[in-house]
Amino acid sequence: MMKHSSSPPDPRAAGAALVTVVLWASAFVSIRSAGAAYSPGALALGRLLAGVLVLGAIWAVRREGWPPRAAWRGIAISGVLWFGFYMVALNWGEQQVDAGTAALVVNVGPLLIALLGARLLGDPMPPRLLAGMAVSFAGAVTVGLSMSGGGGSTLLGVVLCLLAAVAYAGGVVAQKPALARGSALQVTTFGCLVGAVACLPFAGQLVHEVAHAPVSATLNMVYLGVFPTAIAFSTWAYALARTTASRMGATTYAVPALVVLMSWLALGEVPGVLTLAGGVLCLAGVAVSRSRSHRVTTPTPVAEPRPEQVS
């Protein structure tokens with residue numbers, strides 16, 4: 001008997017992906033809070049500087065050294081697009097549109113990751129992944145529509161969130177080859193550093209605003225740098241190094257569902273039935289997209305000719 005099965009999923013990578021999704025979901029709440037006191041660029045720079053301090057300390061303690069030369073192209077591209085441009089665009093976009101619309105538009109990202117991953121990285125597109133992405137996208141649309149009834153969306157905000165999604169997808173696809181040459185910590189640390197350097201033009205705004213911002217807003221900015229950036233981007237890179245960009249992108253479809261839950265628990269915003277249904281669809285799609293088919297196949301036996309078939 002000949003058995004063909006895909007390799008079993010790495011439980012450590014799955015755990016790392018879970019940590020990433022939970023912390024990235026919490027970032028939406030913190031961005032909303034800190035964004036009342038900080039401009040988009042200053043918030044992005046403050047977040048990245050906090051992330052660089054934490055990541056740099058861990059990198060120095062572990063003595064991982066500089067990334068290999070071959071990894072720098074992916075680090076630089078992902079640093080500018082994902083750590084830099086994405087954070088500024090998302091911060092600005094969330095000041096222009098409601099949470100539902102932002103979640104809906106940004107969740108175009110996993111679809112773009114799948115298309116770019118298949119085109120540029122040769123990622124497979126198995127039926128389970130496509131089906132899971134379709135279910136999750138339907139859930140994200142449901143969550144977005146259910147939470148966007150206030151009419152607070154602007155064309156500028158939608159465009160900014162769409163640009164953030166494009167930068168997110170481009171950053172993930174650029175990061176994947178770098179992880180084949182450098183460690184997750186190296187790629188994340190120096191990607192964060194590149195993003196911080198790209199955001200240095202906002203340094204003047206940050207210095208001015210940090211002097212006038214309430215302590216709660218500054219603490220939210222620091223939280224964004226330590227947890228959704230330093231920790232979550234590291235766990236993301238760890239998991240991405242062990243699976244495809246398409247599959248990891250599909251995992252982030254769980255973020256809108258978790259944002260709804262966190263808003264419910266932390267802010268007392270009770271979700272409606274349609275919102276809950278959309279959240280369930282998001283999670284169900286992620287479960288489908290990350291599942292693996294373990295089918296056992298046997299070679300088709302060659303039938304022996306019957307006596308009457310022999311000439």
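Things to note:
- Pair list, Cβ under 8 Å, 6 or more apart: the range 14-39 residue touching a residue at least 40 places away in the same chain (Cβ under 8 Å), other residue outside any helix (DSSP H, G or I) and open to solvent by 40 Å² or more (accessible area, probe 1.4 Å): 35/95; 37/212; 37/214
- Residue selection: residue 89 fails the criterion of being on the phi < 0 side of the Ramachandran plot and open to solvent by 30 Å² or more (accessible area, probe 1.4 Å).
Residues are listed down the side, and each one gets a yes or a no for (1) buried (at least 23 other Cβ atoms within 10 Å of the Cβ); (2) at pLDDT 95 or above; (3) closer than 26 Å to residue 197 by Cα; (4) hydrophobic (A, V, I, L, M, F, W, C):
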| site | (1), (2), (3), (4) |
| --- | --- |
| 57 | no, yes, yes, yes |
| 64 | no, no, yes, no |
| 72 | no, yes, yes, yes |
| 79 | yes, yes, yes, no |
| 106 | yes, no, yes, yes |
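- Hits in the range 185-237 - residues which are of a type in the set (Ser, Thr, Tyr), closer than 24 Å to residue 175 by Cβ and either open to solvent by 20 Å² or more (accessible area, probe 1.4 Å) or without any contact (Cβ under 8 Å) to a residue 40 or more places away in the chain (or both): 223, 234, 235
The values are calculated or read from the model by the stated rules, or taken from the named source; none is laboratory data. Quick caveat: nothing in here was measured; it's all calculated off a predicted structure. Cβ: placed from backbone, ideal geometry, glycine included. Neighbour counts: every protein chain shown. In case anyone asks, the SASA skips ligands and DNA or RNA and just uses the protein heavy atoms, side chains included. Shrake-Rupley method; radii C 1.70, N 1.55, O 1.52, S 1.80 Å.
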